[in-house]
Each structure stands twice: as C-alpha cells, then as structure tokens.
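Enquirer: Right, I'll just put the structure down here and ask away after.
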Number of protein chains: 2
Amino acid sequence: MRQSQLFTKTRKEAPKDEVSKNAQLLIRAGYIHKEMAGVYSFLPLGLRVMEKITGIIREEMNVVGGQELSLTALQDKSLWEKTDRWDDAKVDNWFKTKLKNGTEVGLGMTHEEPLTAIMAEYVSSYRDLPIAAYQFQTKFRNETRAKSGIMRGREFLMKDMYTFSKDEKEHAAYYAKIHDAYIKIFKRLGIGDTTHATFAAGGIFSKYSEEFQTESEAGEDLIYVDPKSGKALNKEVLTDEVLADLGLSRADLVEKKSIEVGNIFNLGTKFSEPLGLTYLNEKGEKQPVIMGCYGLGPSRAMGTIVEVLSDENGIVWPKSVAPFAIHLVVLHDKEGKDGTVGKAAEELYSDLTKQGYEVLFDDRELRPGEKFADSDLIGIPLRIVVSEKNLAEGKLELKHRASGKVEKITEAELSAVLAK
Amino acid sequence: MRQSQLFTKTRKEAPKDEVSKNAQLLIRAGYIHKEMAGVYSFLPLGLRVMEKITGIIREEMNVVGGQELSLTALQDKSLWEKTDRWDDAKVDNWFKTKLKNGTEVGLGMTHEEPLTAIMAEYVSSYRDLPIAAYQFQTKFRNETRAKSGIMRGREFLMKDMYTFSKDEKEHAAYYAKIHDAYIKIFKRLGIGDTTHATFAAGGIFSKYSEEFQTESEAGEDLIYVDPKSGKALNKEVLTDEVLADLGLSRADLVEKKSIEVGNIFNLGTKFSEPLGLTYLNEKGEKQPVIMGCYGLGPSRAMGTIVEVLSDENGIVWPKSVAPFAIHLVVLHDKEGKDGTVGKAAEELYSDLTKQGYEVLFDDRELRPGEKFADSDLIGIPLRIVVSEKNLAEGKLELKHRASGKVEKITEAELSAVLAK
C-alpha cells in the first residue's frame, strides 16, 4: 500500500488523557482511535495487525478441532437468571439496555450462558461429545476505570472457546490440547519467552484455574516464577499449602509484574446443570456435560506486544503480526517522483508486491528525518531505503527494526533476507 | 469437514414464533440460532456463508480503493448531539446504556458521526482527498417489530462505506465507481438478475438516493421497474414529476415487491459541517468535505439469497457463497464405515480435500432418505453420492442442487465439472 494513500498520519502527541503506553504509541502511529476511555476504534493499520493476530489464533483453534461460530451481543435476561448471573449485585460489570417494549437485555461480557443453551438443543448422546466451539466476538464490560489502553476495554475483541465433554477424563484431554495450542499461539505472537502458564484461583469447580501471564511493568497482576521448573503462580494463591502442593519453595520464586493474556477455567457442571445441557451415557443414563472455558483477547494481546516489545522510538512488531512485512522508504532526488530514484523505488515496490510481499511504500515527499521517525514509530520489521546514495552504490539499505542493525545489500541478496 | 463432527443437526421444525422463511430454513438447517426476535447467532455453517459474503464485498470495496477499519459499538453522546441525532425524538431506534459514572452512551446504529470525527483529525488539505473508508460492523437498531428473520435485525452485521471528497465532481466520480462495485457484488452473490438500482427519496442533499432492490415477495418495499430501460423507482417517489424527470411512463412500469439489499446516500456537508471536517483547497480556502454513504448488509444479503433462491426442499446456495462446494454423501454397505463403500468415500473425501475443495462429508450412519433430505435442506450446490450401486457401475452420482439434475460420472469426469 502507498503511504500517500493511507488516510492516517502519525502524530507527535497522544491525547492528554491517555496514560497507557500501548494506546499512546498506537494512537500516535495511527493504529487506533480513542472514542472514549476503554473504547477504541481500529484504523486500517490497527485492523491489519488485529487480523494477523486473530488469524494465528484461529489456525490453532482449528487445529484442535474448534468449530467457529459467532454469538450475539444482546443477551436474554432469562438465560442469565438461570445461572444467577443477571443481578448487578452478582455480576458488577453489565451494560444493560431495553427493547422498545421495555424488556431489559444485557450486552454480553462473556458467553457461557447462550452457548450452553445452544448446545442443549444439539447434544443428546455421549456420541455427540466432545465438542469445542469458539468465536471472536466483541465483549462489553462496564469497567469502573479503564486506563490500560487496549489491554482493558469497556468494549473489546475476545476469542472465547468452550469445550463440552462427557466426563472429567475427556475434559482433561481436551484441556491439555488447548493448553498446548495456547503455548504455540503466544510463541507465534512473539511473546512466548516471557509468557508463563500460571496457577491461579480456581473457583468452585477445580483447585486452580490457569492464567497465561506475560511479564510486563504495565501489568496489573503479580506472579511468582520458579526459574528452575518454569512453574509460576499468581499472588492470589501464594500460600504455604499451595507451594507444598506444587512442590515449590518460596525462596526460589522470582516476583514479576505481569499481564494476563489468556486464561482457562474448568467450569464443571456450573452452566450445564442450570441450563439443562445433559446427554445420555452408554448405559442410557442422563448426565450433565462437563465444560471448560478458554479465553484469549486479541486486542489485549496486541496491547501486550506493544508494551513488551516497543522501544523509545516506537513500536516493534514481530514479523508474524506486523501490518506489513516491509516498509519501503524512498528518498527522492531533485526530480521528485519522476526522477531516477523515484522510478527505481516504484519498480522495487511493484516487484515486491508481485512476489506477494506486503509492502507499505512511503512514497510521500517529506524530509528523510520525518520518514525515518515515522518508520520507527510504525514499527514494521524491515525498512528498505532507496536513495540516490544507495543507488549509486548499486545497493539497498536494509534496517532491522528490532535489532537496529543496518546493512547494505543488493536486490538479489534481499530475496534471501525476506525468505527468512 | 466431517458432518459427524459438526455439532449442529438439522431439525424438522423451526421455533413456533419464527415467521420468516429465511430464518425458518436457516434455523432448521443449523445455520443460525435465534436468541430473541431480530437477534440471531451464526453457527458454524452460517458463519461460513457470512464469511463468503463479506469476502466478496471486501474484495470489491478494496478494488475501488476502500480502506478497511473497525469502529466501535459504544457511541459518545456529544458527537451525536452536534448533528442533532442523539435525541430519541429525532432518531427513534437507539439502544442506550450507561457507564458506571452515569454517562449515557449509545450503541451505534450507523457510523457517520464517529468516522467524520476521525477524518477531521487526519484531513487538512485537498491533497488528502478523496478517501473511502469502510467497515464490517455490528449495528444495533431498536426495531419495534423484528419479524423478517436475518433481513431486519435488532443486532446485525453491516458493511458501511463512507467517501470523503473535495467537491461534487470528485464525489460523483467516486459514487459511480462504488455504484458499479455494488452491481458486481450482487451479481457475484447470485442475485444480480433480480436486483435493481432504484431511484428513492433523497433527503435534503440530493434529489434522489439510490437503493438496490431485489425482487421478492418477502420484501417490505414496493418498486416500479421499466423493463425496457431497466430503470426502477421506489413507490415513495412515484409522482408525475419524477416520472417526467426520469423519462418514464407510468403505463410501462411493472410493480414488484422487493428487499432493499443496499443503498447509497449523498450526504453533502450534513456531517462534515457540524463536526468540523474541512480542508484547505488549492487557494488555501477552508471548505467542508463532501460525503457519501454506501450501505450493504451481509446478513440481509444472506437472508435475501435464502428468500429468493430456496425451494420446497430447502436452501439453494449459489456456488459463490455456499458453506462448502461439495456435499459428499456416503451410503454405507453392510460393513459400515470399514466396508468397501466407506473406504471408497473416505478416499474421495481425502482426494477432494487435498485438491483444495471445500467438502462437507456426510459420514454419518443414517438412512439414505434422511441424508438426502438433510442435503437438500442444507443446500450445497453439488451433491456426490458414493454407494454400493454407483461403485458397481464405476460411477459417482452427482446432483446439482439448483437444477435438480442428476448425472452419473466417473471420478475423472468430476474434475471437469468441479472446474466450472
């Protein structure tokens, strides 16, 4: 895409009321727009990143047999009353509104209830199980404060998967597969090294739940990591009893601030029982379905990547989620767009695009310093500069955004670099 | 995908309160689930169709230079007050809710206001124009009645594009490009022949708006088509003056009931003026931006396709939007899945999938009649039956869902049919 055509521009300053680093950088670089606290629109660059992230998650969810669907935002009160989660005193972050006839409806902040009700219409026998179903869907949570940019939104995108199993054994097997898929996802998102599968409070159906926590000073959580075993636990379960349970010693633990980028809950029969999701087992006996819930917020993941990997000059995207693979920057000669340099850059843009690379082509007539600053801020992994000086040497200048390494290479050598 | 793995099943009856044909068929075939009147979840088959439809629309929007983004559902009251569209007395289908601090927010039923406000931050010169930006986004409209299935939802998916031009000439040129894109889209969706670009009431900024109306008895609109010229007009503008204006004679017109599947509005400066979206022209003079709005609802399009193309046995998808290209149905012999027929079907499933075809493989152990009825209801364009009888003849049975034509062909001949 030609940067001259992209309607967004970078800006020097983020809005004054924006305190989070992720939103400040993403707004300045033109990825997102702040509608109100905790509510962000995704502009063309931001949507591209979001689609890379959801693409990775979708692939891994499909590998484990997940069936994608799309539930609704508007929620039927009667379903949530059955599980006692309608009352604002019980669930304190509902947004609610009313139909014309006065009927109260909610805006979904999670989707156990409606999906359980759907499954109750389709599941009848043990032969129908296990099932894993997931969606990417906008959630609404009426947060009292929303100061963490796209990491904690009042409106945000969520991938939520739910599994439905006939017994604990079948559930445990599915859980293990999805746990492994989560590990792969965070690796592919470029935050695998600093993301820990973490023991956390379990609720009433299992001793622990599992959180995936990424080390970051911007995090709202505190975790304790045992460097030797790689085990981690949330501060909320740091007791002598739990340490003994996990075979950990307090002295070995390292404290880290962290961001919860994913979580898994054993739901047991908490939803299947009140909502009538049962099946007949091999003996013809009616049994409640065992459920699990697996959350991963693509917008929170995007914010986390920015928090963790950016530097003083701007964003640093991993190749896997970058909006473009290459930022091609031309420094025009005196003849401008129609000069030798302009034409060489046009040709390279055309070649790279034909080869299937996603290229943002900075064809704007601006000073080199402005173009380079924009490029660093936007954070595309590879920057190629076509200039009079480089052309005279028969070379292209290639900068690796993450390492800062700059090299001069021929166009022939470029292919090898891009293939990596 | 194996049908034995798909969690949805067909059903004999739609919910009793469902009166629309599109929702009845889509629910019975397992494409959608009714959450409440006008609010439908999209199950795996339904989401596949929706993604085919949005894929086609996205391609054509990109061809005309549209930049995709994603705005929010939650809407800031102050923006809408500037255009006098906040008051329920002015706009009667708002859903509204409140933040914890009591601030009232709305759920977007359209997005002129927020996008105009965003553009005001990025547009400064005539050089920045024209811009076309679009999104696929969930809209919320508090309809008093919602009885048309997925054709008129309280919550529904919408593609809305907006153009920003420096003057009427630039606007007219962009409008013409998008008009042509719409014609292509409806053709690709399989409803081109019965969809008419229709003159309709224009609002305050132009004499007419343009509606794309698909002939259907399920429609809420009444249009008049001149078969000779191909021109059509909505009943709301059927006056002698308009007929003279369009060069039409009342006697030539044929009345049709129709569904509005798309529309284009000339917005002029209705939004740019109150929201401060201006640019400096070549002379350095400040001018308001001229806007256009281009709507097309993928869920309404999906409902329309079902209304228009289905028959007494079920849905008939055009190839372009079908959830799968091929419905492969095996009629097992006495040995069941491990018999000769079962193995031959498995092999064909594997071959077709490797060749990149999207195949729904009905590997369930059910009676032939049930399988055929399900296949007709689900409506995949090509049905291939592998059975003992067909295998003995060295043939496959191929049924074209739309025409009902059945032919016996060899596996070698199948490739030619599929390539069409």
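Enquirer: Using the Karplus curve 6.51 cos²θ - 1.76 cosθ + 1.60 with θ = phi - 60°, work out ³J(HN,Hα) for each residue of segment A:11-21 in order, rounded to whole Hz, and write x for Gly and Pro.
Expert: So the J values, rounded to whole Hz, are 9, 5, 10, 7, x, 4, 7, 8, 9, 8, 5.
Enquirer: Using only Cα atoms, find the angle between the long axis of helix B:112-122 and the longest principal axis of chain B, and express it within 0 to 90 degrees, rounded to the nearest 10.
Expert: Helix B:112-122 and the main axis of chain B meet at about 70 degrees.
Enquirer: Per-residue HN-Hα couplings for segment B:169-179, Karplus 6.51 cos²θ - 1.76 cosθ + 1.60 at θ = phi - 60°, whole Hz, x for Gly and Pro?
Expert: So the Karplus estimates, Gly and Pro as x, are 5, 4, 4, 4, 5, 5, 3, 4, 4, 6, 3 Hz.
Enquirer: To continue, here is another question. Rounded to the nearest Å, what's the spacing between the alpha carbon centres of segment B:73-87 and segment A:223-284? Just the number, please.
Expert: Using only Cα atoms to place each centre, the spacing works out to 44 Å.
Enquirer: Specify whether the C-alpha gyration tensor of chain B places it in the rounded, prolate or oblate class, a ≥ b ≥ c being the square roots of the eigenvalues: rounded for a/c under 1.5, otherwise prolate if a/b is larger than b/c and oblate if not.
Expert: Numbers: a/c = 2.12, a/b = 1.90, b/c = 1.11.
Note, shape of chain B comes out prolate.
Enquirer: Run through segment B:325-391 and list the GluC sites (Glu not before Pro) located in a DSSP loop whose Cβ has at most 16 other Cβ atoms within 10 Å. Spell out each step's value before the answer.
Expert: Numbers: sites: B:Glu335, B:Glu346, B:Glu347, B:Glu358, B:Glu365, B:Glu370, B:Glu388; in loops: B:Glu335, B:Glu358, B:Glu365.
Hits after loop and neighbour filter: B:Glu335, B:Glu358, B:Glu365.
Enquirer: Okay, next question. Just rank A:Phe212, A:Phe372, fewest to most, by other beta-carbon atoms within 10 angstrom.
Expert: Numbers: A:Phe212 25, A:Phe372 19.
If I rank by nearby Cβ atoms, fewest first, I get A:Phe372, A:Phe212.
Enquirer: Using the 10 angstrom Cβ neighbour count as an exposure proxy, how do B:Val225, A:Val242, B:Val386 rank, fewest first?
Expert: Numbers: B:Val225 21, A:Val242 17, B:Val386 24.
Sorted ascending by nearby Cβ count, the order is A:Val242, B:Val225, B:Val386.
Enquirer: Further question: Can you give the angle from 0 to 90° between the axis of helix B:340-354 and the longest principal axis of chain B, with both taken from C-alpha atoms, to the nearest 10?
Expert: 30 degrees
Enquirer: Let's test this: bin the Cα-Cα distances of the protein assembly as shown at 20 Å from zero up to the farthest pair and state each bin's percent.
Expert: Whole-percent P(r) values from 0 Å outward: 14, 44, 36, 7, 0.
Enquirer: Distance from a point 7 Å along Cα→Cβ of B:Leu391 to each backbone N in segment B:347-375: keep the residues under 16 Å and list them by number.
Expert: Counting only backbone N, you get B:347-351, B:362-366, B:368.
Enquirer: Summing Lys, Arg as +1 and Asp, Glu as -1, what charge do residues with Cβ under 14 Å from the Cβ of B:Asp87 carry, B:Asp87 excluded?
Expert: Working: positive: B:Lys77, B:Lys82, B:Arg85, B:Lys90, B:Lys96; negative: B:Glu81, B:Asp84, B:Asp88, B:Asp92, B:Glu104, B:Glu113.
Summing Lys and Arg as +1 and Asp and Glu as -1 gives -1.
Enquirer: Then there's this: Please work out the FRET efficiency for the pair A:Asn101 and B:Ile183, using the Cβ-Cβ distance as r and a Förster radius of 51 Å; give the result to the nearest 0.05. Working shown, then result.
Expert: Details: r = 40 Å, r/R0 = 0.77.
Taking R0 as 51 Å, the efficiency between A:Asn101 and B:Ile183 is 0.80.
Enquirer: If you build a Gaussian network model of chain A, linking Cα atoms that sit under 10 Å apart, which residue out of A:Ala251, A:Ala325, A:Ala133 swings the most?
Expert: Looking only at A:Ala251, A:Ala325, A:Ala133, the largest GNM fluctuation is found for A:Ala251.
Enquirer: While we're on this one: Run through the DSSP bridge list for segment A:21-309 and note the antiparallel percent, rounded to the nearest 5.
Expert: On the way: 58 of 63 bridges.
Counting DSSP beta bridges with both partners in segment A:21-309, the antiparallel share is about 90 percent.
Enquirer: Separate question: Within segment A:189-278, count lysine pairs with alpha carbon atoms under 22 angstrom apart where the residues are 8 or more positions apart or belong to different chains.
Expert: Within segment A:189-278, the lysine pair count is 9.
Enquirer: Under the rule of at least 5 residues apart or a separate chain, name every residue whose amide H is placed under 5 Å from the amide H of B:Ser4.
Expert: Amide H neighbours of B:Ser4: B:Asp363, B:Arg364.
Enquirer: Determine the shape class of segment A:33-135: with a ≥ b ≥ c the square roots of the Cα gyration tensor eigenvalues, call it rounded for a/c under 1.5, and otherwise prolate if a/b is greater than b/c, oblate otherwise.
Expert: On the way: a/c = 2.49, a/b = 1.02, b/c = 2.43.
Verdict is oblate for segment A:33-135.
Enquirer: When the helices in chain A are scored as -39500 (n - 2.57) per DSSP H run of 4 or longer and the sum is shared across all residues, what 222 nm value do you end up with, to the nearest 500 deg cm²/dmol? Spell out each step's value before the answer.
Expert: Values: 11 runs with 125 residues, N = 420.
Mean residue ellipticity at 222 nm (helix-derived): -9000 deg cm²/dmol.
Enquirer: Hey, got the average number of other protein chain Cβ atoms within 10 angstrom for residues in A:87-100?
Expert: Details: counts 0, 0, 0, 0, 0, 1, 1, 1, 9, 2, 10, 4, 10, 9.
Shielding by partners across A:87-100 averages 3.
Enquirer: A follow-up question, please. Report the convex hull volume per residue for segment A:91-140, counting only C-alpha atoms, in Å³. Provide the component values of the computation, followed by the final result.
Expert: Details: hull volume 5.7 nm³, N = 50.
Looking at segment A:91-140, the number lands at 113 Å³ per residue.
Enquirer: How do B:Ser70, B:Ser415 rank when sorted from fewest to most other Cβ atoms within 10 Å of their own Cβ?
Expert: With the sparsest Cβ surroundings first, the list reads B:Ser415, B:Ser70.
Enquirer: In peptide B:37-43, how many Cβ atoms from other protein chains are near each Cβ within 10 Å, on average? Could you put the intermediate results ahead of the total?
Expert: Numbers: counts 3, 2, 8, 3, 11, 6, 8.
Partner-chain Cβ atoms within 10 Å, mean over residues of B:37-43: 6.
Enquirer: Hey, for a label at B:Thr10 modelled as a point 7 Å past Cα toward Cβ, could you say which residues of segment B:283-313 have their backbone N under 15 Å away?
Expert: Correct set: B:310-313.
Enquirer: Quick one: net charge around A:Lys21, please, counting Lys, Arg +1 and Asp, Glu -1 for every other residue with C-beta under 13 Å from its C-beta.
Expert: On the way: positive: A:Arg28, A:Lys147; negative: A:Glu18, A:Glu217, A:Glu307, A:Asp311, A:Glu312.
That sum, taken over residues with Cβ under 13 Å, equals -3.
Enquirer: Angle between the Cα long axis of helix A:298-309 and the longest principal axis of chain A, 0 to 90 degrees, nearest 10?
Expert: Value to nearest ten degrees: 50.
Enquirer: How high is the FRET efficiency from A:Lys405 to A:Glu365, r the C-beta distance, R0 22 Å, rounded to 0.05? It would help to have the intermediate numbers written out before the result.
Expert: Numbers: r = 28 Å, r/R0 = 1.27.
Given R0 = 22 Å and the Cβ-Cβ separation, E is 0.20.
Enquirer: Go ahead and run the numbers for FRET between A:Val19 and B:Ala176, Cβ-Cβ distance against an R0 of 45 Å, rounding to 0.05. Write down the numbers at each step before the final one.
Expert: Numbers: r = 46 Å, r/R0 = 1.02.
Approximately 0.45, to the nearest 0.05.
Enquirer: I'd like the antiparallel share, as a percent to the nearest 5, of DSSP beta bridges with both residues in segment B:326-419.
Expert: Working: 8 of 17 bridges.
Around 45 percent antiparallel, to the nearest 5.
Enquirer: I'd like the Karplus ³J(HN,Hα) series for segment B:53-64: coefficients 6.51, -1.76, 1.60, θ = phi - 60°, whole numbers in Hz, and an x wherever there's a Gly or Pro.
Expert: Taking θ as phi minus 60°, the curve returns 5, 5, x, 5, 4, 4, 4, 6, 5, 5, 4, 8 Hz for segment B:53-64.
Enquirer: Pick out, in residue order, every one of the trypsin sites (Lys or Arg not before Pro) in segment A:226-279 that is DSSP loop and has at most 16 other C-beta atoms within 10 Å; say none if there are none.
Expert: On the way: sites: A:Lys228, A:Lys231, A:Lys235, A:Arg250, A:Lys256, A:Lys257, A:Lys270; in loops: A:Lys228, A:Lys231, A:Lys270.
Listed in order of number, the matching sites are A:Lys228.
Rule-based calculations on the coordinates, nothing more; no lab input. Computed from a predicted model, the values in this text were never measured in an experiment. Reconstructed Cβ throughout: ideal geometry from the backbone, glycine too, with neighbour counts over all protein chains shown.
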